[in-house]
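The values are calculated or read from the model by the stated rules, or taken from the named source; none is laboratory data. What you see is a predicted model, and the numbers here were worked out from it, not measured in a lab. Neighbour counts run over all protein chains shown; Cβ positions are idealised from the backbone, glycine included.
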Amino acid sequence: MEEYEIKLLIERVKQAGCKHLDLSNKDITELPDEIGELTDIESLDLSFNHIAKLPESITNMTNLEELFLMRNCIKNLPENIGKLHNLKSFDVSYNPIKTLPAQMGQLSNLQTFDASFCLLHTIPSEMVNLQKITRIHFDENPLDCPPLKVIRRGWNAIKYFLTERGKESATTVISVH
């Protein structure tokens, strides 16, 4: 799907007041900034494309409850991802993402998160703030922190590890000064 086609579609979706947009399997390589104008959309599926980078404007879609980005070429998520405070289901699996932004911890309504088969080495400690998580997946990542044995024990073990690690870091900072 070419950029001009996506822009035309975005305009039609805005006028129609659609709540769901499925752009999966459309050979999309780049999203225009205009995607952020779809502020009424609650569900966006961009899976199975060739998207390498998300425009920062996607974080203007504050009514999003579901965002599916699996099987793309995304290396980084927008730093302001925490603005998507209504997000409940988020799938970034099978992308070459190496780090998750700290603002992931601001997704207070997030219930399911899948970052399986990425290139993650660490999980940001801010994710301990995700109190509504019921399903979270980090399978097949080269994670160093938390270690694999903690990951295998589930979300509560991960939260405990990240919380304790944060306390240790704070103690280290305090004792250095």
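For the stretch 67-102, which positions are in contact (Cβ under 8 Å) with a residue 40 or more places away in the chain and of a type in the set (A, V, I, L, M, F, W, C)?
Once the filter is applied, which keeps residues that are in contact (Cβ under 8 Å) with a residue 40 or more places away in the chain and of a type in the set (A, V, I, L, M, F, W, C), the stretch 67-102 yields Phe68, Met70.
Which residues, taken from the stretch 118-132, are surrounded by fewer than 19 Cβ atoms within 10 Å (Cβ to Cβ) and within 16 Å of Ser93 (Cβ to Cβ)?
Correct list: Leu119 only.
Do we find that Leu107 is modelled with pLDDT of 95 or more, buried (at least 20 other Cβ atoms within 10 Å of the Cβ) and farther than 17 Å from Leu44 by Cβ in this structure?
Spelling it out, it is not the case that Leu107 is modelled with pLDDT of 95 or more, buried (at least 20 other Cβ atoms within 10 Å of the Cβ) and farther than 17 Å from Leu44 by Cβ.
Surrounded by 13 or more Cβ atoms within 10 Å (Cβ to Cβ), modelled with pLDDT of 90 or more, of a type in the set (D, E, K, R) and under 18 Å from Glu56 (Cα atoms), is that true of Lys159?
no
Only residues that are β-branched (Val, Ile, Thr) and under 19 Å from Ser116 (Cβ atoms): list them for the stretch 151-165, please.
Listed by number, the residues that qualify are Ile151, Ile158.
Of the residues that sit in the stretch 1-41 and are in a loop (DSSP other than H, G, I, E, B) and in contact with a Cys (Cβ under 9 Å, 6 or more places away or on another chain), which one is farthest from Leu77 (Cα to Cα)?
Step by step, filter the stretch 1-41, then rank; the result is Asp40.
Just give me the residues in the stretch 19-33 being in contact with a Pro (Cβ under 9 Å, 6 or more places away or on another chain) and either closer than 15 Å to Leu87 by Cα or not aliphatic (A, V, I, L, M) (or both), in sequence order.
So in the stretch 19-33, the residues in contact with a Pro (Cβ under 9 Å, 6 or more places away or on another chain) come out as 30-33.
Result: Glu30, Pro32, Asp33.
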